[in-house]
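Below is one structure, written out as structure tokens; the observations come after it.
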Amino acid sequence: MAQPFRIATAGRLGKADPVRFTFDGKSFEGLHGDTLASALLANGVHLVGRSFKYHRPRGMVSAGAEEPNALVGVHRDAARRAPNVRATVQEIHEGLNAVSQNRWPSLSFDVGALNDLASPFFSAGFYYKTFMWPKAAWERVYEPFIRRAAGLGEAPDRPDPDCYANRFAHCDVLVIGGGAAGLSAALAAANAGARVILADEQAETGGALRYETGAMIDGMPGWNWAQAVTADLAARDNVRLLTRTTGFGYYAQNMVGLVERLTDHLVSPATDQPRERLWQVRAKRVVLATGAIERHMVFPDNDRPGIMLASAARTYLNHFGVTVGRNVAIYTAGDSAWQAALDLKRSGVSIAAIVDCRPDPQGPHVEEARRLGIECLTGHAVTGTGGRLRVSSIKVRPVSGGAERTIACDALLTSSGWTPAVHLFSQSRGKLAFDAETQRFLPGNAVQELVSVGACAGNIDLGETVAEALKAGHEAAGGVARKLPKLAADSTERWSGGMLGAGEGAGAESTAKAFVDFQNDVTAKDIRQAVREGMRSIEHVKRFTTTGMATDQGKTSNMHGLAIAAEMLDRPIPEVGLTTFRAPYTPVTFGALVGHGKGRLFEPVRRTPMHDWAEAHGAVFEDVGQWKRAWYFPQAGEDMHAAVARECRTVRQSAGIFDATTLGKIEVVGPDAARFMELMYTNPWQKLGVGRCRYGVMLREDGFIYDDGVVGRLAEDRFHVTTTTGGAPRVLNHMEDYLQTEFPDLKVYLTSTSEQWAVIAVQGPKSRDIIAPLVEGIDLSDDAMPHMSVREGMICGVPTRLFRMSFTGERGFEINVPADYGRAVWEAVWAEGEKHGACAYGTETMHVLRAEKGFIIVGQETDGTVTPHDAGLSWAIGKKKTDFVGMRGLARPDLVAPGRKQLVGLRTRDPKTVLEEGAQIVADPDAPVPVPMLGHVTSSYWSENCGHSIALALVAGGHERMGETLYVPMPEGAITVEVTSTVFFDEKGARTNG
Amino acid sequence: MLLIHCPYCEEGRPELEFRHAGEAHIARPENMAELSDEDFERFFFIRSNPKGIVYERWRHIHGCARFFNAARDTVSDRFLTTYKAGEPKPDLDGEGK
Ligand SMILES: [Zn+2]
């Protein structure tokens, strides 16, 4: 018979709406609206997984997000394989394919269950003790074992093909939780005209009204009222209703993170439909109506499949129309679980017994149970259970002692009371207050604009809950007091009673496995052992035993663990402490957090206007920050070495053309521009003539090099500043900082022009001949336009700022044209260049050529601890200046002390050996360790033009070591080097005019 | 994510638009050249880093691009006030927690 545990008269699902799904390859039928858990239970399946440490058989414990046990894999296709999905949350759809986890070879016969027999080996702190030595065993024995045992489920091995959306939202009132309290608050806030967002984690709102059949609100059964209010709210323009949406994180200034699950319940989502949506909601006021979470009883062997929370059984019965057994026992310390027995009994399910550890529970539920003829064992405890893959019996005895009796059953419902869900309140930094009478942590003073209502605030009366929620919603919306709405609400059910910690049979002397934390397999005994071994704070107990550290974060277990530790320590619960609640409330996918920011959208890619030309001409690109830069242009048959060697030769023999567009550019304009430049750079600027350029060095206030670049003066009040490729944003920020906050009286404007100018460098003896036919209105002769000058004019019919400058040591020009013309001008220059045998060259050749000349690259020769003196740039410091940023820093004792690392050249004794960048430099490679390190290689290349390798290095006292022999130790032996000048080519610098 | 009131835009905007810029009200000495090592150390290296009210600089970098000052409680992460660069340090005794 299909779905033998479905009860025709119970539940709210459409019975004519069957859905087929598979679990571990076996086909099952459920109903539309089922969760995987309710559908499996309808088929009599309780066993769904193996526990983490002991591999014990486990079944569903709950019917909601707090589920510790029923974690499964859901496989939609080869790439969509979600591990650790809670069967109690996953809705079924036609074709859903779920698999159990943490078992081999099969769920009912699991070799790992041997761990259960070897359990003394896995007691508390076993991670810290067992795997200590022998050291060699780590790699081959311990680590593979831990890796296999650690972590449930299997991560998908392909990229996530789904897309995820992200929304920012603002509202007046955000309500988290759509039970009686949340709906009341949202209704009142919406009626008062507020913009409201209501989020509920279930597919349908209603919260505990799903199973609390004794509730009546506004003259309707609670569930019906909830659906009516929900429909009402959903139709309003000022309300956004989000179901399947979890409020997972509460951040500063009332920002709450919500994750909305959009497709996991659908048969075949559209390919462009987001799987989940992250909401970042900024709310003026937040109403927390997050309810309470039922706790299980802690007693020996309380983890067999078929043992579950009383409220879960009620949910399966009253909402899903499924009974969790045919002969059900109840073990409780509170009143609410009695209602489960009454519901089941009225649906025709046999009740084996109600065991209540309290001596004399009172109330209509007790009377009703007796009237229905249920055996009520008050003052009794369950001290053990039987059954292998499913509970088959319980052992019961009086709390006061006496004979033990065995009662047969096929399910056991337990409840030790309710823990208010204060997670989000605590995340909001509100302090929790311990209520000693009811043994609960409740929200204390809020520090953000929020209010907690209903069960999460400790309220167990429905009438009061609805009244306080209406008031909270109304006030949060700014409603006036005389218009406070009212709703009649009452319930026949009781939520009082409960206990914390271990029950009978799981006391201090017991060696039984009475589970506190099901998911991490932590028992009452483990917690006691942690205390015995010296753990005093709950934070230590938690880490030693791992209690509460699984993916459920101890929602059902933390209070038990705390109570057992407190009892052992003989201290009140608040003194032992409560572990910190951290986001997320329930696990959140990486996809939801990442949103659209993956693949091509992970980071912007910047391309110059000449990018496509370079690509078409075979350039190999390298990433420089966000830029794609042409690295080298290999011709047929060339490897990188050959291409770079040819490019280097060609530039110095005729010319090369290089895309320098990525250089940062800042326009410094205003009557005080020169004064400002004086303060920002080490160099003097006041006397720099219009039309002239200068290499500028920028320091931080501490005296270390921050950036460099060539600056052209276009007018008395206008400088064209260039920065390093990656440096433009921070240099502009640095300049703005001083301009706005230290020198606000200076009349200067700063404008980023990096994206506005395309820059084409033409370098080499033929450079002038190449550009001359294209340039209009600029005299290119050496007299009219000497090295380090700038002119404005036209090239190829478009405006240009033409710089005569050189980063190669050759005669050179840098043509700035508006970016849109970059490609066209580049092609015109290229056409002229080809006539002269010029080549296009990339960043590698640029690096080699500048190193041949000893020109530094900030960030390569410097690392934030290099001064201009260290770098051989003392000449760039204006000697007569009375102030510039970094001037005082440069005079600090350590910066003028002898022995600083200074930039030098290195030549290897074997000219063919190219040093490794970053390699260390020592005076004596045979010195005993630790060998004193003198410095390191900053740049190193094969120089085709020099015919030998070249390197730049920072070496202690380097300027005094010219001609010294030093060593670069490498695994194959030390490389002998000679300290030289940093200039390897054309030492006199004649070629800039050559 | 914090919500920060830019005193120039006169709007509360998300933290994403801003960049923190260190402690506020540390004036760069005008007599840099004569500064003693001790005075330079005080100016450049020493920061108050209090538990409680901190005066700090922020830049509305993805907005108006202005630098401004803020008083923030480092315990609650709450902004007490923001004000324009150059305005005097507000007297907030007793406001922090
Ligand atoms: Zn602004």
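The values are calculated or read from the model by the stated rules, or taken from the named source; none is laboratory data. Computed from a prediction, not measured in an experiment: that's the story for all the values here. As a convention, Cβ positions derive from the backbone with ideal geometry for all residues, glycine included, and neighbour counts pool all protein chains shown. For the accessible areas, the whole protein counts, side chains as well, though only heavy atoms, and no ligand, DNA or RNA atoms are used. Shrake-Rupley method; radii C 1.70, N 1.55, O 1.52, S 1.80 Å.
Here B:Asp73 clears all of (1) touching a residue at least 24 places away in the same chain (Cβ under 8 Å); (2) within 11 Å of chain A (Cβ to nearest Cβ); (3) under 24 Å from A:Glu736 (Cα atoms) except the condition numbered (3). Could you tell me whether the stretch B:7-14 includes any residue that is facing chain A (nearest Cβ under 9 Å) and touching a helix residue (DSSP H, G or I) at 6+ places or on another chain (Cβ under 8 Å)? Within the stretch B:7-14 (the criterion being facing chain A (nearest Cβ under 9 Å) and touching a helix residue (DSSP H, G or I) at 6+ places or on another chain (Cβ under 8 Å)), the answer is no, since none of the residues qualifies. Taken over the stretch A:727-742, the residue count meeting the criterion of being facing chain B (nearest Cβ under 9 Å) and touching a helix residue (DSSP H, G or I) at 6+ places or on another chain (Cβ under 7 Å) is 1. Taking the condition under 41 Å from the mean Cα position of the chain (by Cα) and in contact (Cβ under 8 Å) with a residue 24 or more places away in the chain, does A:His869 pass? Spelling it out, it is not the case that A:His869 is under 41 Å from the mean Cα position of the chain (by Cα) and in contact (Cβ under 8 Å) with a residue 24 or more places away in the chain. If you filter the stretch B:15-51 down to residues that are open to solvent by less than 50 Å² (accessible area, probe 1.4 Å) and of a type in the set (A, V, I, L, M, F, W, C), you find that the one that is farthest from the other protein chains (Cβ to nearest Cβ) is B:Phe18. If you go through the stretch A:434-483 and keep only what is open to solvent by 50 Å² or more (accessible area, probe 1.4 Å) and either within 20 Å of A:Ile197 (Cα to Cα) or of a type in the set (Gly, Ala, Ser) (or both), you end up with A:Ala436, A:Glu449, A:Ala467, A:Glu468, A:Lys471, A:Glu475, A:Gly478, A:Ala481. Applying a threshold of 7 Å to beta carbon distances and a minimum spacing of six or more residues, or different chains, the list of pairs starting in the stretch A:373-393 at a residue that is under 21 Å from A:Leu342 (Cβ atoms) and ending at one that is open to solvent by 20 Å² or more (accessible area, probe 1.4 Å) and of a type in the set (Ser, Thr, Tyr) reads A:Gly379/A:Ser400. In the condition set (1) over 31 Å from the mean Cα position of the chain (by Cα); (2) assigned to a helix (DSSP H, G or I); (3) within 21 Å of A:Gly577 (Cβ to Cβ); (4) among the charged types (D, E, K, R), A:Arg536 is compliant with all but (2). For beta carbons closer than 6 Å, sequence separation of 6+ or different chains, a first residue in the stretch A:246-274 that is within 14 Å of chain B (Cβ to nearest Cβ) and a second that is assigned to a loop (DSSP other than H, G, I, E, B) and open to solvent by 30 Å² or more (accessible area, probe 1.4 Å), the qualifying pairs are A:Gly249/A:Ala583; A:Gly249/A:Pro584; A:Ala252/B:Asp77; A:Asn254/A:Gln448; A:Asn254/A:Glu449; A:Met255/B:Met1.
One residue stands out among those in the stretch B:52-68 that are open to solvent by 20 Å² or more (accessible area, probe 1.4 Å) and under 25 Å from B:Met32 (Cα atoms): the one that is farthest from the other protein chains (Cβ to nearest Cβ), which is B:Tyr55.
Among the criteria (1) surrounded by 21 or more Cβ atoms within 10 Å (Cβ to Cβ); (2) of a type outside the set (Val, Ile, Thr); (3) within 21 Å of A:Val848 (Cα to Cα), the one A:Gly958 does not fulfil is (3). Given the structure, is A:His75 touching a residue at least 12 places away in the same chain (Cβ under 8 Å), over 18 Å from A:Ala155 (Cα atoms), out of contact with any helix residue (DSSP H, G or I) (no Cβ under 8 Å at 6 or more places or on another chain) and not polar (S, T, N, Q)? When the stated conditions are applied, A:His75 does not pass them. The stretch A:780-892 holds helices (runs of 4 or more DSSP H) entirely within its bounds, and those carrying 1 or more residues that are under 17 Å from A:Ala660 (Cβ atoms) and either modelled with pLDDT of 95 or more or not aromatic (Phe, Trp, Tyr) (or both) map to A:822-835, A:843-852. Given the criteria touching a Cys at 6+ places or on another chain (Cβ under 9 Å) and either of a type outside the set (Phe, Trp, Tyr) or crowded, with 19+ Cβ neighbours inside 10 Å (or both), does A:Ala340 qualify? No.
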